[in-house]
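Pasting in a structure now, in structure tokens, and then I'll have a few things to ask.
The values are calculated or read from the model by the stated rules, or taken from the named source; none is laboratory data. Fair warning: this is a prediction, and the values are worked out from it, not measured in the lab. Positions of Cβ are generated from backbone atoms using ideal geometry, with glycine treated the same way; all protein chains shown enter the neighbour counts.
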Amino acid sequence: MSKIPILFLHNRSYDSAERIFSDQEAWSAYEVHLVTSAKYTDPRLQELCQVTVTNISDLHELEVFCGRLIEENAIQYVSTVTEYFVLLAARLRNTYGLPGMTFATAQRFRDKVLMKTLLAAEGVCTPAFAVVHTQDEVLAFHERHGRCVLKPIQGVGAKDLTVIGSARELPDVTECSQEMEVEAFIDAPMAHCDAITVAGDVQFFSAGQYLQPPGAYRQALFNSSVQIEDAALLQRLRGVQEHINRVLGLEDGVTHLEVFLTPELVFCEIAARPGGGGIAETVEFKYGVNLLRAQVYLDCGRREALVFEGSGRAQAAGHLGILGPQNGGIVQILAEGRHRGQVLEVQHVAPSQATSPRHCTDYSTLCLVQGESHQALRSDLQELQARIAATWGA
């Protein structure tokens, strides 16, 4: 019996692919064609998939390249777990008549202005926002709303995000290579909500709270979060998730939603893919639910393979992403944390980082952490970050 060929677009570490495809029995009926670049190539990938290395930076060229792979290999499904490829994967499905999320649906989860326009019209609380093309438009928005945030309409990872506190800080938007939007600054903590939706119903839901605003990564040099345990807050956040899913028309998929924790819960943005930067790994540690694998299962029409309850290992769980450079002091601090059982897993993403981080998950090191409670783990993480920051000196 011939295997079912699928195309998987990949621009993450080997670890993420391993978390998806390592269960050989689960994928025994499938022939996985993994497309990536030299940067993300790892010899171990060959043990999991058929690997094709190409240039992934030019999405138009990549679309043509993937089209040939689809035709030559009779590909039946296209999947990805990263924001960069969400629209491309959907466009390939549309072009070749393949099942899965359509381009129109994917666009509603990718275009920050479109999603807020649709949601605001249906009663979801959103910040004031506007598309901007000139400095005068940004200035006019700032005069009406005060402190505001300028970011690409199809941005990811808080890359190219600018917080504008005064008229003196206005950037020249005419020099931006992407279409930009501006929105009112919300001075509140932020939660991330990570869910699996099947046939329009939320079947799994979790939420965490960031310790730093994702947009502050250049100053903080950390990106960390702790899973929320407050049952009442989780219920309210789940209600927001379900409302958004209905408005944006989500049938099947894994989503990463960000919400400001104000009394009315203000929407920030949502993506049609698993949370990155350690969030998916944290959810798996706490709940035993693999969001990355769930996304690919749903992309491939495998609802029956989903697992919503697993053997989670941590009472309170979170992640610590370190955006500053590695050094011997950090290695020692994390080794001590592992010995105490506070640090569960350490991934050294890069040996060093000579320049400032490019986005909020541009880590040198990623750690998964656990604690006795949400509040205790927050306190432990803050202490851990202070010790790590001290190794960098002034």
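Name the strands (runs of 3 or more DSSP E) wholly inside region 1-74 in which the number of residues that are at pLDDT 95 or above and within 23 Å of the chain's Cα centre (by Cα) is 1 or more.
4-9, 30-36
Quickly run through region 233-268 and pick out the residues that are within 26 Å of residue 302 (Cα to Cα) and of a type in the set (A, V, I, L, M).
Of everything in region 233-268, those that are within 26 Å of residue 302 (Cα to Cα) and of a type in the set (A, V, I, L, M) turn out to be 244, 247, 248, 250, 254, 257.
Then there's this: Within region 71-99, track down each residue that is over 19 Å from residue 12 (Cα atoms) and among the acidic types (Asp, Glu).
71, 72
Examine region 206-219 for a residue that is over 18 Å from residue 285 (Cα atoms) and over 17 Å from the mean Cα position of the chain (by Cα), and state whether such a residue exists.
yes
Would you call residue 248 modelled with pLDDT of 95 or more, closer than 23 Å to residue 104 by Cα and either touching a His at 6+ places or on another chain (Cβ under 8 Å) or not polar (S, T, N, Q) (or both)?
So residue 248 fits the description; yes.
Which members of region 13-27 meet the condition of being within 18 Å of residue 82 (Cβ to Cβ), among the polar types (S, T, N, Q) and out of contact with any strand residue (DSSP E or B) (no Cβ under 9 Å at 6 or more places or on another chain)?
Across region 13-27, the qualifying residue is only 16.
Has region 340-361 got any residue that is of a type in the set (Asp, Glu) and either under 15 Å from residue 227 (Cα atoms) or crowded, with 18+ Cβ neighbours inside 10 Å (or both)?
no
Which of the residues that make up region 229-241 are of a type in the set (A, V, I, L, M) and more than 14 Å from residue 257 (Cα to Cα)?
231, 232, 233
Taking the condition of being closer than 15 Å to residue 89 by Cβ and crowded, with 21+ Cβ neighbours inside 10 Å, how many residues in region 1-28 meet it?
Going through region 1-28 one residue at a time, the tally reaches 6.
Could you please tell me which pairs satisfy a Cβ distance under 7 Å, a separation of 6+ or placement on different chains, a first residue in region 37-65 that is without any contact (Cβ under 8 Å) to a residue 12 or more places away in the chain, and a second residue that is polar (S, T, N, Q)?
61/55
Output the number of the condition that residue 31 fails; it satisfies all remaining conditions of (1) surrounded by fewer than 16 Cβ atoms within 10 Å (Cβ to Cβ); (2) over 25 Å from residue 107 (Cβ atoms); (3) of a type in the set (D, E, K, R).
Result: residue 31 fails condition (1) only.
Let me ask something else. Can you tell me which residues in region 311-331 are in contact with a strand residue (DSSP E or B) (Cβ under 9 Å, 6 or more places away or on another chain) and at pLDDT below 85?
313, 314, 315
Let me ask another. Among the listed residues 366, 384, 377, which satisfies the condition of being within 20 Å of residue 40 (Cβ to Cβ) and at pLDDT 90 or above?
Being within 20 Å of residue 40 (Cβ to Cβ) and at pLDDT 90 or above holds for just one of 366, 384, 377, which is 366.
Taking region 104-124 as the search range and keeping residues that are under 18 Å from residue 256 (Cβ atoms) and in contact with a Phe, Trp or Tyr (Cβ under 7 Å, 6 or more places away or on another chain), which one is surrounded by the most Cβ atoms within 10 Å (Cβ to Cβ)?
115
Also, I was wondering about something else. Report yes if residue 383 is outside any loop (DSSP other than H, G, I, E, B) and free of Cβ contacts under 8 Å to residues at least 40 places away in the same chain, otherwise no.
yes
In addition: Only helices (runs of 4 or more DSSP H) wholly contained in region 81-185 count here; list those with 1 or more residues that are of a type in the set (Phe, Trp, Tyr), at pLDDT 95 or above and touching a helix residue (DSSP H, G or I) at 6+ places or on another chain (Cβ under 9 Å).
83-96, 103-108
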